[in-house]
Amino acid sequence: MNEETKFILKKLVFYAFIFTVVAWIVIPIIISTLYGFALPKDYYDPKKILPTSFTIKYVKTLLITLGALDGIKNSVIVALITIAISFALGIPAGYAVAKFIFPGKDTIKLSIVALRMFPIPVMAIPLVILYIRLHLIDTLLGVALAHTAMSLPFVVLITSSIFAGVSKELEEAAMVFGLTRLGSFFKITLPLALPGLAAAAMFTFVMSWNEVFVASILTLAHRTLPAQILSIMAGASGGAAPDYYKFAAAFIMILPAITFIFFARKYLVTMWGITLK
Amino acid sequence: MKVKSSYIPYFLILPAFAYLLFFVGYPLVQALYTAFTQNGHFSLATVRKTFTDPYFWDALKYTITLAGVIVPTQVALAIILALGVNRVFKGKDFTIYALTIPLTISDVAAGLIWYSMLSPSGFLNKLLLNIGLINNPIYFFGYQYRHMEFLAIVLAELWRATSIVFVIILAGLQMISHEYLEAAEVFGADYWTRLRKIVIPLLKPSIQSALIIRTLFAMQIFGIVWILAGRDIPILAGEGFYRLTELKEYDVASIYALVIAGLSIILGALYIKFMKAEYLEVRG
Amino acid sequence: MVEVRLENLKKYFGNGKVKAVDGIDLTIKDGEFLVLLGPSGCGKTTTLRMIAGLETPTGGKIWFGDKDVTYFSPKDRNISMVFQSYAVWPHMTVYDNIAFPLKIKKHPKDEIDKKVKWAAEMLPIENLLDRYPAQLSGGQRQRVAVARAIVVEPAVLLMDEPLSNLDAKLRVAMRAEIKKLQTKLKVTTIYVTHDQVEAMTMGDRIAVMNKGKLLQVGPPTEVYLKPNSIFVGTFIGAPEMNLLEVSIKEKENGLVLEGTGLEITLPEEFRELLERYINKSVIFGIRPEHMTIEGVSTLEHVKRAREIEGTVDFIEALGTDTIVHARVGEGNLIKIKLPGHIPLEIGSKVKIVVDLDNIHIFDKTTENAVI
């Protein structure tokens, strides 16, 4: 076998590998989405690997009769509140870490990361008692407050990295020409940081949208989407809902997340690189 | 009013830091209190109640076993993927995007998606039936198929969470300067030697981060198991959840939470101790 | 120790649109220290990387002795390389870094130990052997990179701007050390740099490149005193060679360089070369140190001289030398380098003495040297 054939063969194997890997990720999503829109007779027909007739009936039932629409509404509200609070707290902290040098900075940074690693059940379970006392139990605000605690470390780290990317001299130039530090922040730093902040907001949204444990524990009637789906579908052996509802549910759950990350995909690897440092 | 400028950063950080401290500190204290007191006195009654429940030991066993199977496999897979993807080729951007899609998918959704793959009328069974490889569907779910449920969970978790490790490893890989590898190439090292002697050692910090992150999260595994197996495969977070929401046993649930926390701390410390990269510690 | 021969070496990028290296023919003699000199982007690093095997040529051949190594991978070429950023592996000690090439080639352990210590002593860095790169200064890391490169006693030693990341003082010291090392080891060395001082002080021969092409190869004095093109003439030498546009005219006493405000009678032996330029424009070049100013300074070893008139426009007093900017004719500004401190007044009229045996005349269109 000469060099050129070997070269082509290597390329083929490589692309086969890439194809397999991408297919492994993408096929289950496609399948479950297709099944979510399939007619039961197609789904239960052992001869039909892929359904050929489609309906939105089950997605609709899920949304309306089974109340998924409310779940979506609740999830959105919780996510937005989470973004609002974690940004309100996190942006000043991120700015401080990025622009100031002060004793204890490294310890604080490290402890913020360590706090994120804290297991969620340990935070959520005792929280129930507190929430009952504060009448926060079964409220969207209560869930949002807990979600904020989970997303805050991430927001602080990401915003600090984004702000660090805005050159000090740009801000100093603004201050020389008459702005205060605060003014320079709002007129120079913030606008330049906007794309990164938008990506961070999208990630926070997705995190809150997907979170299930805390939401399930802290709510009863006002459930977020994952909590609701969990209670309807839990346990393949015990779940009362027929299979195709499961797939319709999966579709509703993943749609916003996938769309968001499509728009923010360029930031994904860089963001993880940042949190690593 | 002139505020001493050196206090400004502390003021800016304080709200966030205090918030986090509260949401971690308070529950921790509350959990310890609920778990270890009865009628205002220190008591090990709850601990006894939990430890005598067979579900607890099953949950402990399954949580650790799942982590032990899933996490190393994920790290190995992620390294292979990252190495494969870290070169120039057509469709690189799309491939990386595709590989990171699972990052956006919740564990509940992932469980549901894999149900569509593995259910009796699911994709895998239909495919195999129609090719003729099997005559009856393979059952992945149901109490009597517990070992298959375990397999289903492993598959679903591998699918969902390898992306996290992949992103960490890829970021670490991209930080390794090309010239280190070129120098090794010039001095005689072939691909596998370069991999062993240059890439993997320099990747150690990323691998360590990934292992810590994934193991800690594996201790809290919940949604995916709940969807695919319910209580057939008990896990620590699931039992805690069940005790709290169904039986309203706050104290027992707190024990479960503390066990998760304890395991996390022990494992985290072990990783840090045994995976020190000496060359990072030294400073000129 | 081998002779390296490049045969019509080419490297094109982007489907032939970018011609990084455009047909280089060059022979580097066994044991020679050859410097590839040129501005950024001229193709010198690409050429070096092709010799290393890190880039595959688009065309042409590379010979090590009588072996065609054009498509050999780096590890099969028996070469060593010092990278611009040193590429000293951060996770290995200095000892392990230097020992790496030997370990790969599976040398026995005691032999490795002997060779590592030998290489370390040459630099000398024996006291740093168990440190990690993070603990070393830039200069020390550079020495590790060099030690690593010589420890295998390669057939060809390649260096890619190894001194450019060092501060000025260290650079001067390392220049001498590397040259001494190479003279001792007698290994064929190809050294890439954009710094012409480095090239002049270190090279046995200099190969000047620009835009992917090899312009001139020769010993430093030859490239300096007899540049074959405007580019080579101006690239080497600081301050830069003076260039003036003049025409060749036939006058009673012979051929004359005529420009605004200057007239230089040329010796008869130039006639043959300049025959076809009579009544045409050419570029006249003269280095600042090949002129002097009458009355205030002298030029040594001048056999023939001519005079032109000028007005002092500006003076740079450097301490060791003085650079006089003089206006000749209308608008032509030339620089004259005089040793020592020469006090002159701005605006004073001076007589500039030109060393006729060191003038250069370049064809205006091809920019090649005629004289």
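If the Cβ limit is 8 Å and pairs must be 6+ apart or interchain, which residue in segment A:158-176 that is more than 24 Å from A:Lys109 (Cα to Cα) pairs with which residue that is among the aliphatic types (A, V, I, L, M)?
Between residues of segment A:158-176 that are more than 24 Å from A:Lys109 (Cα to Cα) and residues that are among the aliphatic types (A, V, I, L, M), the close pairs are A:Leu170/A:Ile188; A:Leu170/A:Leu192; A:Ala174/A:Ile188.
With (1) in a helix (DSSP H, G or I); (2) facing chain B (nearest Cβ under 7 Å); (3) farther than 24 Å from B:Gln30 by Cα as the list, and A:Lys109 as the residue in question, which single condition is left unmet?
(2)
Looking only at segment A:168-223, which residues are basic (Lys, Arg), within 14 Å of chain B (Cβ to nearest Cβ) and over 30 Å from A:Ile125 (Cα atoms)?
Residues of segment A:168-223 that are basic (Lys, Arg), as a first pass: A:168, A:181, A:187, A:223.
Checking which are within 14 Å of chain B (Cβ to nearest Cβ) leaves us with A:181, A:223.
Passing the criteria: only A:Arg181.
So, in segment C:96-132, how many residues would count as being outside any helix (DSSP H, G or I) and not charged (D, E, K, R)? Give the derivation first.
Kept after step one, since they are outside any helix (DSSP H, G or I), are these residues of segment C:96-132: C:105-108, C:123-125, C:129-132.
Retained after the next criterion (residues that are not charged (D, E, K, R)): C:107-108, C:123-125, C:129, C:132.
Matching residues across segment C:96-132 total 7.
For the structure I just gave you, tell me whether A:Leu190 is part of a helix (DSSP H, G or I), in contact with a helix residue (DSSP H, G or I) (Cβ under 9 Å, 6 or more places away or on another chain) and more than 22 Å from B:Tyr10 (Cβ to Cβ).
Numbers: part of a helix (DSSP H, G or I): yes; in contact with a helix residue (DSSP H, G or I) (Cβ under 9 Å, 6 or more places away or on another chain): yes; more than 22 Å from B:Tyr10 (Cβ to Cβ): no.
Judged against the criteria, A:Leu190 is not a match.
Take the conditions closer than 28 Å to A:Gln228 by Cβ and not in a helix (DSSP H, G or I) and apply them to A:Ile77. Does it pass?
Working: closer than 28 Å to A:Gln228 by Cβ: yes; not in a helix (DSSP H, G or I): no.
Taking the combined requirement at face value, the residue does not satisfy it.
Of everything in segment C:305-350, what is of a type in the set (Lys, Arg) and under 25 Å from C:Thr234 (Cβ atoms)? Give them in sequence order. Reasoning before the result, please.
Step one: list which residues in segment C:305-350 are of a type in the set (Lys, Arg), which gives C:306, C:327, C:335, C:337, C:349.
Residues satisfying the conditions are C:Arg306, C:Arg327, C:Lys335, C:Lys337.
Give the number of residues within segment C:127-162 that are at pLDDT 90 or above, within 22 Å of C:His107 (Cα to Cα) and of a type outside the set (Val, Ile, Thr).
Residues in segment C:127-162 being at pLDDT 90 or above, within 22 Å of C:His107 (Cα to Cα) and of a type outside the set (Val, Ile, Thr): 9 in total.
Which one of these is in contact with a Leu (Cβ under 7 Å, 6 or more places away or on another chain) and buried (at least 20 other Cβ atoms within 10 Å of the Cβ): C:Asp321, C:Asp313, C:Asp355? Show your work before the answer.
Numbers: C:Asp321 fails: buried (at least 20 other Cβ atoms within 10 Å of the Cβ); C:Asp313 fails: buried (at least 20 other Cβ atoms within 10 Å of the Cβ).
The conditions single out C:Asp355.
I'd like to verify a number: residues in segment C:68-87 that are assigned to a loop (DSSP other than H, G, I, E, B), out of contact with any Asp or Glu (no Cβ under 9 Å at 6 or more places or on another chain) and at the interface with another protein chain (Cβ under 8 Å from one of its Cβ atoms), how many?
0
Evaluate segment B:190-201: report whether one residue or more is in a helix (DSSP H, G or I), surrounded by 21 or more Cβ atoms within 10 Å (Cβ to Cβ), under 18 Å from the mean Cα position of the chain (by Cα) and within 7 Å of another protein chain (Cβ to nearest Cβ).
The answer is no, given that none of the residues of segment B:190-201 is in a helix (DSSP H, G or I), surrounded by 21 or more Cβ atoms within 10 Å (Cβ to Cβ), under 18 Å from the mean Cα position of the chain (by Cα) and within 7 Å of another protein chain (Cβ to nearest Cβ).
Which residues, counting only those in segment C:48-85, are of a type in the set (Ser, Thr, Tyr) and either surrounded by fewer than 17 Cβ atoms within 10 Å (Cβ to Cβ) or under 21 Å from the mean Cα position of the chain (by Cα) (or both)?
Looking only at segment C:48-85, we keep the residues that are of a type in the set (Ser, Thr, Tyr), and these are C:56, C:58, C:70-71, C:73, C:80, C:85.
Within segment C:48-85, C:Thr56, C:Thr58, C:Tyr71, C:Ser73, C:Ser85 qualify.
Say whether the condition of being assigned to a loop (DSSP other than H, G, I, E, B) and either closer than 21 Å to A:Gly36 by Cα or at pLDDT 85 or above (or both) is met by at least one residue in segment B:100-107.
Applying the first criterion (assigned to a loop (DSSP other than H, G, I, E, B)) to segment B:100-107 yields B:105-106.
With the extra rule that they be either closer than 21 Å to A:Gly36 by Cα or at pLDDT 85 or above (or both), the set shrinks to B:105-106.
Scanning segment B:100-107, I find at least one residue that is assigned to a loop (DSSP other than H, G, I, E, B) and either closer than 21 Å to A:Gly36 by Cα or at pLDDT 85 or above (or both), so the answer is yes.
Kindly establish whether B:Val186 is modelled with pLDDT of 90 or more, surrounded by 21 or more Cβ atoms within 10 Å (Cβ to Cβ) and under 30 Å from A:Leu127 (Cβ atoms). Walk me through it before giving the result.
Working: modelled with pLDDT of 90 or more: yes; surrounded by 21 or more Cβ atoms within 10 Å (Cβ to Cβ): yes; under 30 Å from A:Leu127 (Cβ atoms): no.
For B:Val186, the condition - modelled with pLDDT of 90 or more, surrounded by 21 or more Cβ atoms within 10 Å (Cβ to Cβ) and under 30 Å from A:Leu127 (Cβ atoms) - is not met.
Taking the condition of being buried (at least 20 other Cβ atoms within 10 Å of the Cβ), in a helix (DSSP H, G or I) and more than 7 Å from chain B (Cβ to nearest Cβ), how many residues in segment A:24-41 meet it?
Here the count works out to 1.
Just name the residue that is farthest from A:Phe87 (Cα to Cα) out of those in segment B:15-31 that are more than 7 Å from every other protein chain (Cβ to nearest Cβ) and small (Gly, Ala, Ser).
B:Gly25
Give segment C:274-308 a look and list any residue that's in a helix (DSSP H, G or I) and under 28 Å from the mean Cα position of the chain (by Cα), or say none.
So the first thing to find is which residues in segment C:274-308 are in a helix (DSSP H, G or I), and the list is C:274-277, C:288-290.
Scanning segment C:274-308 gives C:Pro288, C:Glu289, C:His290.
The values are calculated or read from the model by the stated rules, or taken from the named source; none is laboratory data. As the structure is a prediction and not an experimental result, all values here were calculated from the model. Because the Cβ atoms are built from the backbone with ideal geometry, glycine has one as well, and the counts that use them run over all protein chains shown.
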